Every structure is written in structure tokens, then in C-alpha cells.
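The values are calculated or read from the model by the stated rules, or taken from the named source; none is laboratory data. On a predicted model such as this, the values are computed, not experimentally measured, just so you know. Cβ sites come from the backbone with ideal geometry, for glycine too, and all protein chains shown count toward neighbours. Surface areas here come from the heavy atoms of the whole protein model, side chains and all, with no ligands, DNA or RNA. Shrake-Rupley method; radii C 1.70, N 1.55, O 1.52, S 1.80 Å.
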Amino acid sequence: MSTVTKILWSPTQNDLFLTYGSMVNLYKVTRCSESDAFKGKPATRLSDHTYGIHVAVNSGIQYLKTIAWYPGRDEQDNLIAVGQQNGKIVLSSFGQPGCSDLVGKEFSPKHSRSCAYLAWNPVETNLIAEGLEKYRSDPCILIWDIHAKPGSEITSSLERQRYSSSISESSVITKPITELGPGDTTGSLAWFQKDSKTFAAGLGSKYIKIFDLRETSRQHLTTNTKSVYGICMDPKNDYRLASYHENQVSVWDIRNFDKPIMTFPEAKPVVQIGWCPTRMGFLAVLTKETSAVKLYDIRHIPMGTDELDPAIIERNISCFSNHCTAFSWHPRDENRMLTVSQTGAVKDITVHERIPVMWSSQFHLSWACGKRMIDVVTSEKSPTIDISQRIRQRVTKGYGTQTINVEHNAHVVNEEPYLRGMWRWLSLTRQLVEECRTAQTKINISRCTGIKGLLRQDGDIGNGAQYCHWQEVDGNILNHLRKMKIYTSEERTRVLHLCGWRSKEKVDMFLEELETQTEYTKAAAVALFNLRMGKSIQILSKTATKQGYENLSAVAMAIAGYQEEQQTMWRRTCGSLIQTVHDPYLRAMFCFLSSDKENYDEILGDHNCMPVADRIAFACIYLSDQKLKEYVDNLSSMMKDEGCLDGLLLTGLTLEGVELLQNYVDRTGDVQTAALAAVFTFPCEMSHNEKVITWIESYRELLDRWKLWHQRAEFDIIRHSSDSHSSMRHNRPQAYVSCNFCGKSIACNTQAPFRLMSRSMMSMSANKPKISCCPGCRKPLPRCAVCLTNLGTPSGSTLCQQIEHKDLENKLTPLDDWFTWCQTCRHGGHASHITSWFKDHPQCPVTGCDCKCATLDPIGRLKATSPLVPAGKA
């Protein structure tokens with residue numbers, strides 16, 4: 001390929017482009033799969049998928065300065081307009097001479113001067129605009145009609161002789177239909193896409209002016225700026241244009257033409273700009289001596305009183321290893337452009353869209369690609385369930401809504417046993433609070449209390465060490481066994497209660513409850529830990545008669561043969577068989593019997609032994625004050641780091657408990673459990689903790705996204721009925737419709753005026769009351785922009801109190817009559833009227849307001865998007 005500097009896509013054919021420098025070359029784009037199409041022909045690789053076949057060359061044009069490709073479809077011979085250095089425009093083509101009446105036509109200005117640019121009218125394709133350099137008082141912008149008949153305007157014989165010296169006078173046009181900019185210079189020109197009679201031109205390196213061919217005596221709009229070069233209209237927005245000057249690009253909105261709506265400074269001088277014709281908001285910028293084209297993806301531009309910052313994404317499209325000199329957008333193929341380097345190399349580039357990926361609240365994975373939106377639905381048969389799906393399943397089962405019997409919330413999620421410990425703690429703290437209130441004790445216990453708080457309220461646990469005997473079923477003492485040292489105190493009794501156990505005096509009742517709940521091995525272990533060996537053996541023997549528990553009879557026999565001596569065969573045998581016992585309570589029983597004197601590390605240190613609550617209860621019975629505190633501190637620290645919910649029994653909802661829950665959320669993402677744990681412990685000091693508030697608001701937002709309005713409302717009721725310090729229970733609403741004149745709420749002040757209304761007026765059911773003025777200052781309310789009647793609804797007035805309960809199903813104010821307004825221009829009206837208006841119009845209904853209210857609304861933007869494309873068809 002020859003050395004080139006400029007490149008153009010064909011405006012009418014998808015597979016043709018030309019390059020021009022010293023001569024004009026025509027190429028046809030062919031896909032690599034069609035390799036037979038260019039065998040024996042010169043071809044150049046444009047991309048991984050396309051080749052460019054050299055079709056024709058036009059080397060007969062002299063003094064070539066610029067080229068514009070004819071946009072009309074009535075000419076099939078690739079008609080081009082060539083601007084020359086002497087100011088002439090020559091219509092040329094790549095076909096045979098005489099194939100078109102237009103080929104060979106010339107358009108000559110009065111005085112010779114260099115052509116700066118050419119611009120075809122995209123609608124009235126017979127019109128072409130030419131920009132010329134300054135020459136005395138001659139106009140710098142000429143509008144030519146290519147279908148004008150030549151020769152009729154040449155009246156002087158001298159002029160005829162001048163034009164006939166080089167070509168036939170029958171092909172020369174010397175009189176343009178319009179002349180603009182006398183004695184001025186011009187930088188660029190662009191036609192509007194919709195209004196074929198209007199164009200914008202940069203003049204005198206000072207102004208951008210908008211002209212109308214129907215009234216050329218004056219410019220319709222003008223603005224002072226040095227950015228008069230490269231003017232181009234946005235094909236997707238007829239109000240928007242772009243221009244540049246040196247190293248700055250400006251974007252304009254002709255509705256607010258005083259200053260650019262945004263500017264982009266560049267590191268080097270700009271040589272070309274251009275809007276993408278297939279994608280809204282794509283502006284390509286090419287600077288001098290760079291190997292990449294910069295793209296500005298303009299997502300949002302502030303309009304009117306909109307104070308939002310413009311949303312712009314910058315991207316660099318790498319083209320060559322050396323400098324890029326020009327580019328051209330494809331008129332129809334999405335995001336496709338050609339670029340050319342200083343060595344003449346051409347590259348076919350497709351600008352790939354940024355692909356934002358979003359995991360929706362409805363468990364869909366969605367992403368946008370170009371003009372399509374792809375939606376992947378997660379299969380319900382997936383072996384792994386995301387935490388958000390699990391949270392939603394819990395909500396639909398009523399999880400977290402049981403406020404009377406709190407522990408029933410754990411029964412809703414039986415398949416998640418790690419949640420039971422938390423709900424059991426929440427239930428037991430409420431029982432403990434109620435017992436302390438009934439007994440009128442001075443102990444400060446709340447719903448958020450943990451074991452560490454109970455043990456340290458009085459500074460000392462209380463030294464209640466005593467030695468107790470082993471007992472038979474009937475209470476007789478087993479004298480052949482040594483006494484066991486146990487610890488008792490009021491604090492330890494409360495800890496046992498919080499662990500779900502009972503004090504020594506109420507053990508029999510507790511054992512009956514466990515047997516009723518079919519927790520036989522736990523009942524046997526609790527009896528043994530309370531030195532009721534006979535009772536423990538009895539429970540095991542009785543349970544062994546039940547189906548599935550036959551092996552417990554052997555366990556009962558083993559316990560019955562217990563001997564204290566350290567070196568007995570019984571201890572050695574138990575020590576070797578403990579690891580083969582799978583039931584945690586049975587293993588704890590053998591560890592207890594075979595342990596050394598007051599050394600219970602095998603029970604307390606085995607995390608696979610008994611649940612945390614039972615291990616803590618055991619420690620309260622057999623550990624001294626110091627050892628108990630150390631054990632509780634070490635265990636709570638470990639569970640806090642692991643984010644184990646059972647650790648809330650130890651910490652309570654204190655700062656340490658909040659850290660534990662945060663670690664749990666970080667590990668699992670289960671913000672639901674954290675929010676419920678916090679709400680069910682209210683009122684407490686942590687209700688204003690930043691992390692706690694974040695959990696609660698995140699869970700509320702999640703329910704709203706799933707449109708589970710009733711469940712979110714139930715959660716709010718539980719929250720605010722529990723938290724006496726909640727600001728929402730005491731603060732009055734802060735958002736209301738206020739009067740334009742007095743600023744008072746039009747709802748909160750309606751009681752006084754209606755006191756004056758007679759009962760007969762109140763009892764009129766046939767006519768609904770209408771309030772069209774402010775109850776405070778009696779000034780009229782704003783008018784609806786569509787029906788022009790005063791807005792006004794009786795909601796919030798004392799009329800609501802006059803309606804009997806049986807009539808409450810009839811709404812006092814239908815939704816259609818509610819106040820609705822735009823947050824940008826503040827115009828509005830009745831909801832039904834505004835909705836109906838914006839079904840057919842994007843612009844504000846108020847005369848003179850240019851606000852596009854419908855496009856600012858997220859719902860309006862959603863309706864404007866294309867429908868979803870199934871993943872299989874994307």
C-alpha cells in the first residue's frame with residue numbers, strides 16, 4: 001500500500017474504504033475465511049479476521065487537499081468530492097469515465113485559495129459545504145448544489161475565457177447557493193443530523209456559530225471559544241457537538257451554548273475527533289505523534305440544575321507500534337473503526353465494550369455487552385447453595401420471627417446445627433432476666449449478658465468448694481468411692497442456668513426433661529457429673545431396651561465396674577477404648593471417671609467432645625475460681641478469632657461479642673444471623689455500635705431487594721419494640737410535602753381547619769373532600785402540569801379519624817391523586833397524569849422547561865433498555 005495520511009469508510013457500503021495522500025486508493029474488506037476471493041490480487045491483513053483487497057486507484061487528481069465521500073445511495077460509482085489547494089471541488093470516482101453525469105464536475109470559488117474542509121449534507125445529499133482560507137472580504141464558507149446546471153451563472157466573457165482555459169465550461173459551477181463568513185477564516189463545519197437546513201461552523205478562531213440555510217442573514221446561536229476545529233455532531237444526540245483547539249477537546253450542548261458542558265485536556269495537540277455513529281456517548285480523540293486512539297465513554301452529562309458530576313470513562317485503544325495519523329468509524333457496524341499509521345499500514349479494530357458483571361439479588365448473574373444484556377439463572381439443583389440463597393430460604397420459613405419462644409427459630413433451620421447454640425443462649429438470657437425480675441435481685445442482667453459478664457459482676461465468683469459423695473439411685477452414699485471436690489456459688493448457679501443446666505437441687509427435674517427430649521446420653525452424663533452414679537447407670541440401662549440404643553447396656557456395665565485405683569485394669573481398658581466411642585457424652589463420662597485428680601483437660605480441651613455450653617457447665621462444677629476464669633477467657637478468645645457463634649454464650653453482645661459476630665460475617669457472609677443476634681439482645685449498649693447498625697441496615701436492604709416487604713416490616717417491628725433507645729421510635733418523620741409559601745407540612749397542620757367543619761360536611765360520603773390550599777397559610781397549592789388544577793389530597797387530615805373501621809378498606813387518597821414531581825426541575829402533578837404524560841413524552845410537560853424528566857428516572861432508563869437475552873442465545 002502507498003503512503004497515506006487519511007482514511008474513510010464508505011458511507012453507503014459496508015465493505016469499502018479508501019485511503020488518500022498523494023493519490024486515492026479504494027479497498028474492499030474480505031474475511032479471512034473467504035480466501036478464494038482475493039487469490040492473485042494484492043491484499044493487506046487488516047485484523048485477525050479481515051483482509052483489505054486493493055480494488056482501484058485514482059491517481060489523476062492534482063493538488064489534492066481533502067476528500068469527502070458522497071453519502072447518497074442514488075450514485076453507485078463511489079462518487080467522491082476532492083478539495084484542492086486552489087479551492088476547487090472536483091467530483092470524481094473510481095469507475096470508467098462518463099459512467100455518471102456528476103463525475104468531472106467542478107465547483108470553483110471566485111478567487112483561488114486553499115480548501116480547508118468538505119462536508120456533505122447527510123439528508124439533502126445534493127448539498128456540500130466547503131471551507132476556504134481567508135482572502136480579503138471573500139466569504140470563507142460556500143454551500144454548493146452538485147445538481148446545479150453549469151455555465152448559466154457565468155455572464156462575463158472574461159470569466160468564460162478564464163474557466164474554459166483548463167476544462168470545458170459546461171462542467172464548471174462558479175456560483176454557490178449560499179456564501180457565509182465574508183472576510184473571515186473557518187476551522188470546521190458539521191451538519192445537524194435531523195435538521196438538514198442547519199449546521200455549525202467555527203469562524204475566525206473565536207466563535208462557533210449555528211446557521212440556518214432558510215435564514216442565512218444571521219446566525220441563530222453563537223458562542224465565544226477558540227475550539228473551532230474538528231466540529232462534529234453526535235449522531236445519537238442532535239443537541240450535542242464536539243470541537244477542539246490545540247490540546248483541548250470541548251463538548252457542547254446547544255441548549256446551553258454559553259460554555260462547554262465538559263472539556264478534556266490532552267497531553268499533545270489534537271489532530272482528529274469523531275463520535276461513534278452506533279454507540280451513544282463514544283467520542284474518539286487522536287493526538288499528534290501517538291500510537292493509540294483515546295476513547296471517552298460519556299455515560300452522564302449534568303443538565304439544568306443537576307449537580308451530579310459527569311460520568312466519564314477513559315480508554316486507550318492501541319493501534320500501532322508507530323504513530324497513528326487518522327481513524328474512521330464504521331457507519332453501521334457496532335464499535336468498529338479503521339486506523340492508519342504514518343507508514344500507510346491500516347488496521348481494522350473493534351472496540352470491545354466494558355462488560356460490567358452484576359450478581360443480582362434474585363440469584364441471577366447478569367452482564368451487559370454492547371446493546372445486549374445477558375442473564376444467567378442459577379440452577380436450583382446446584383450442589384452448592386450460596387449464602388444469599390440460604391438466607392432467603394430461611395426468611396420464607398419464618399426464621400427470626402419467633403419472639404415469644406425464641407429458641408423455636410433454631411427449629412426452623414434444623415439442617416444448620418451451628419445456629420442452635422446462639423438461639424438457645426438468646427432464649428436462656430430472656431428466662432434469666434425474667435427470673436431476676438421476679439426475684440427482685442440486685443444483679444444487673446440483660447438480654448445481652450454472657451457468662452463472662454455473670455462471673456465478673458461481683459469481682460469474685462465466690463469460694464464455695466465442698467466435698468460430696470457418690471450416690472446410688474435411692475440417694476444412699478457409695479462409701480467405697482472417694483469424695484469429689486465441687487464448687488458452688490450464686491454466680492455459678494446463674495452460669496449453669498445460662499448453659500441450660502440446673503443446680504444440684506433441681507437435677508432430677510432436669511434429667512426428666514432430657515429424657516423427654518430423647519437426649520439419653522446427655523442425661524446419663526449430667527447425672528454422673530452430679531455424682532449420681534446410680535441414676536446414670538439406671539438411665540443407660542433403661543435406654544438400652546429401646547431400639548437403636550442396645551449398646552448402652554455394655555456402657556452401663558462398664559460404669560458399674562468403676563474403680564478408683566490408678567493402676568487398675570478398668571482404667572487401662574477405658575483409656576484405650578475412649579477414642580473408639582463416638583458419642584460425645586459417653587466419651588466425656590469415661591474421660592471423667594478415668595481422669596487424674598482434678599485434671600479434666602481431656603474433657604474441657606476436646607472440642608469434639610461436648611458442646612460449649614455443656615463444657616462450661618462442667619467447668620463451673622469442677623474448676624476453681626482462677627482456673628474457671630482462665631478457661632473461660634481462653635475459650636472465648638479462641639471462639640472470637642474463629643467467629644464461632646457458640647462463643648456468644650461466653651462473651652454476650654459486648655465489644656468482644658461484636659468482634660466475634662464480625663469474624664463470623666467475614667467468614668460466612670451471613671449478615672442475617674448477625675443482625676438477628678443483635679436485634680434480639682436489644683436494648684443494650686451495642687445498639688448504637690457502627691458494625692451492629694451496618695448489619696441491620698444491610699439485612700433490611702437485602703429484604704427490600706428481594707421485595708419481601710412484609711418480612712422486612714416484621715423485622716423492623718421486632719427491632720423497634722425491643723430497642724427502647726431506638727431513635728425511630730421517638731423522632732417524628734423528617735420528610736414531608738411542604739407549602740411553597742409558609743414552608744409548613746400540608747398534612748401535619750390540617751387538624752385545625754377541619755375542626756371548623758360541621759359534622760354534616762364530614763358525613764357526606766358521596767363527595768370526596770378536596771384540599772387545594774395550605775391548611776397553615778391558606779395559599780393555593782401548586783397546579784398539576786398536565787390538568788392545571790390545584791394539587792391536594794386529604795391524607796393526614798382529621799378526615800381519616802371520621803371514617804369508621806369498616807370503611808378503612810376504601811382508601812381516602814387513591815395513588816392516582818398523590819403528589820408527584822421531578823427532583824431536577826421540581827415540576828409535577830397528579831401521579832396518574834404524570835405517568836400518562838411520560839408514556840409518550842420524555843420532556844417535562846411545563847412549557848419552556850427542557851428537562852428530560854423521564855430519562856433521569858431510573859425506571860425510565862430501565863424501560864429504555866433492550867430486553868434480556870437468554871444465555872444460550874447470547
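The number of residues in segment 101-125 that are surrounded by fewer than 16 Cβ atoms within 10 Å (Cβ to Cβ) and within 27 Å of Pro277 (Cα to Cα) comes to 2. Whenever a residue of segment 500-520 is closer than 21 Å to Thr488 by Cβ, its partners that are open to solvent by 30 Å² or more (accessible area, probe 1.4 Å), lying with C-beta atoms within less than 6 angstrom and at least six residues away or across chains, give the pairs Ser503/Thr493; Phe510/Arg502.
Pick from segment 252-262 the residues that are more than 12 Å from Thr225 (Cα to Cα) and of a type outside the set (D, E, K, R): which of them is least open to solvent (accessible area, probe 1.4 Å)?
Here is the first cut: in segment 252-262, the residues more than 12 Å from Thr225 (Cα to Cα) are 253-256, 261-262.
Checking the rest, the ones that are also of a type outside the set (D, E, K, R) come to 254, 256, 261-262.
Numbers: Ile254: 33, Asn256: 78, Ile261: 44, Met262: 15 Å².
Selected residue: Met262.
Being more than 34 Å from the chain's Cα centre (by Cα), among the hydrophobic types (A, V, I, L, M, F, W, C) and modelled with pLDDT of 85 or more is true of Leu788. Against the condition within 30 Å of Cys849 (Cα to Cα), among the aliphatic types (A, V, I, L, M) and open to solvent by less than 10 Å² (accessible area, probe 1.4 Å), how does Ala284 come out, does it pass? No. Among the residues in segment 682-701, are any without any contact (Cβ under 8 Å) to a residue 60 or more places away in the chain and not in a helix (DSSP H, G or I)? Yes, segment 682-701 contains at least one residue that is without any contact (Cβ under 8 Å) to a residue 60 or more places away in the chain and not in a helix (DSSP H, G or I). Here Leu531 passes the criteria (1) surrounded by fewer than 19 Cβ atoms within 10 Å (Cβ to Cβ); (2) out of contact with any helix residue (DSSP H, G or I) (no Cβ under 8 Å at 6 or more places or on another chain); (3) among the hydrophobic types (A, V, I, L, M, F, W, C) except the one numbered (1).
If you go through segment 837-852 and keep only what is open to solvent by 60 Å² or more (accessible area, probe 1.4 Å) and more than 31 Å from the chain's Cα centre (by Cα), you end up with Thr847, Gly848.
Would you point out which residue out of Gln579, Gln563 is touching a helix residue (DSSP H, G or I) at 6+ places or on another chain (Cβ under 7 Å) and over 30 Å from Glu690 (Cβ atoms)? Full working, then the answer.
On the way: Gln579 fails: touching a helix residue (DSSP H, G or I) at 6+ places or on another chain (Cβ under 7 Å).
One residue alone meets the criteria, Gln563.
When Glu550 is tested against the conditions (1) outside any helix (DSSP H, G or I); (2) under 27 Å from Tyr487 (Cβ atoms), the lone failure is (2). Each residue in segment 241-267 was checked for being in contact with a Gly (Cβ under 8 Å, 6 or more places away or on another chain) and among the polar types (S, T, N, Q), and 1 pass. Filter segment 38-68 down to the residues that are β-branched (Val, Ile, Thr), more than 52 Å from the chain's Cα centre (by Cα) and assigned to a strand (DSSP E or B) and list them by number. Scanning segment 38-68 gives a single hit, Val57.
Restricting segment 666-695 to residues that are β-branched (Val, Ile, Thr) and crowded, with 21+ Cβ neighbours inside 10 Å, which is nearest to His408 (Cα to Cα)? Give the steps one after another, and end with the answer.
Taking segment 666-695 as the starting set, the residues that turn out to be β-branched (Val, Ile, Thr) are 668, 671, 673, 679, 681, 692-694.
Checking which are crowded, with 21+ Cβ neighbours inside 10 Å leaves us with 671, 673, 679, 681, 692.
Numbers: Val671: 20, Thr673: 14, Val679: 16, Thr681: 16, Val692: 23 Å.
This residue is Thr673.
Scanning segment 552-562 finds no residues that are among the polar types (S, T, N, Q) and modelled with pLDDT of 85 or more.
I want to confirm something. Restricting to segment 310-342 and keeping residues that are among the hydroxyl-bearing types (Ser, Thr, Tyr) and modelled with pLDDT of 85 or more, which single residue is surrounded by the most Cβ atoms within 10 Å (Cβ to Cβ)? Talk me through it step by step, then tell me what you get.
In the first step, residues of segment 310-342 are kept if they are among the hydroxyl-bearing types (Ser, Thr, Tyr); the result is 318, 321, 325, 328, 339, 341.
The next check asks that each one be modelled with pLDDT of 85 or more; those that pass are 318, 325, 328, 339, 341.
Details: Ser318: 13, Thr325: 23, Ser328: 23, Thr339: 25, Ser341: 20.
Ranking the qualifying residues of segment 310-342, first place goes to Thr339.
Pairs linking a residue in segment 567-583 that is over 18 Å from Leu552 (Cβ atoms) and of a type in the set (Gly, Ala, Ser) to a residue that is surrounded by 12 or more Cβ atoms within 10 Å (Cβ to Cβ) and at pLDDT 75 or above, with Cβ atoms under 9 Å and 6 or more positions apart or on different chains, are Gly575/Phe590; Gly575/Ser594. Elements of the type helices (runs of 4 or more DSSP H) sitting completely within segment 600-665 and holding at least 2 residues that are open to solvent by 10 Å² or more (accessible area, probe 1.4 Å) and hydroxyl-bearing (Ser, Thr, Tyr): these cover 625-642. Could you go through segment 32-45 and let me know if any residue there is surrounded by 15 or more Cβ atoms within 10 Å (Cβ to Cβ) and at pLDDT 90 or above. No, that holds for no residue.
Only residues that are open to solvent by less than 40 Å² (accessible area, probe 1.4 Å) and assigned to a strand (DSSP E or B) were counted in segment 343-371, giving 5.
Any idea which of Val293, Val271, Val285 is under 21 Å from Gly131 (Cα atoms), in a strand (DSSP E or B) and touching a strand residue (DSSP E or B) at 6+ places or on another chain (Cβ under 7 Å)?
Details: Val293 fails: under 21 Å from Gly131 (Cα atoms); Val285 fails: under 21 Å from Gly131 (Cα atoms).
Sole residue among the options that is under 21 Å from Gly131 (Cα atoms), in a strand (DSSP E or B) and touching a strand residue (DSSP E or B) at 6+ places or on another chain (Cβ under 7 Å): Val271.
Condition check ((1) without any contact (Cβ under 8 Å) to a residue 40 or more places away in the chain; (2) part of a loop (DSSP other than H, G, I, E, B); (3) under 54 Å from the mean Cα position of the chain (by Cα)) across all residues:
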| site | (1), (2), (3) |
| --- | --- |
| Leu91 | no, no, yes |
| Leu102 | no, yes, no |
| Leu118 | no, no, yes |
| Thr125 | no, yes, yes |
| Ile128 | no, no, yes |
| Ser137 | no, yes, no |
| Cys140 | no, no, yes |
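Do we find a residue being more than 30 Å from Arg502 (Cβ to Cβ), in a helix (DSSP H, G or I) and open to solvent by less than 40 Å² (accessible area, probe 1.4 Å) anywhere in segment 393-405? Looking for residues that are more than 30 Å from Arg502 (Cβ to Cβ), in a helix (DSSP H, G or I) and open to solvent by less than 40 Å² (accessible area, probe 1.4 Å), one finds at least one in segment 393-405, hence yes. Looking at segment 539-555, is at least one residue small (Gly, Ala, Ser), crowded, with 16+ Cβ neighbours inside 10 Å and over 18 Å from Tyr600 (Cα atoms)? Yes.
Scanning segment 219-262 for residues that are more than 35 Å from the chain's Cα centre (by Cα) and aliphatic (A, V, I, L, M) yields Leu221, Val228, Ile231.
Looking at segment 250-290, which of its residues are of a type in the set (A, V, I, L, M) and free of Cβ contacts under 8 Å to residues at least 40 places away in the same chain?
Quick first cut of segment 250-290, residues of a type in the set (A, V, I, L, M) only: 251, 254, 261-262, 267, 270-271, 273, 280, 283-286.
Of everything in segment 250-290, just one residue is of a type in the set (A, V, I, L, M) and free of Cβ contacts under 8 Å to residues at least 40 places away in the same chain, namely Ala267.
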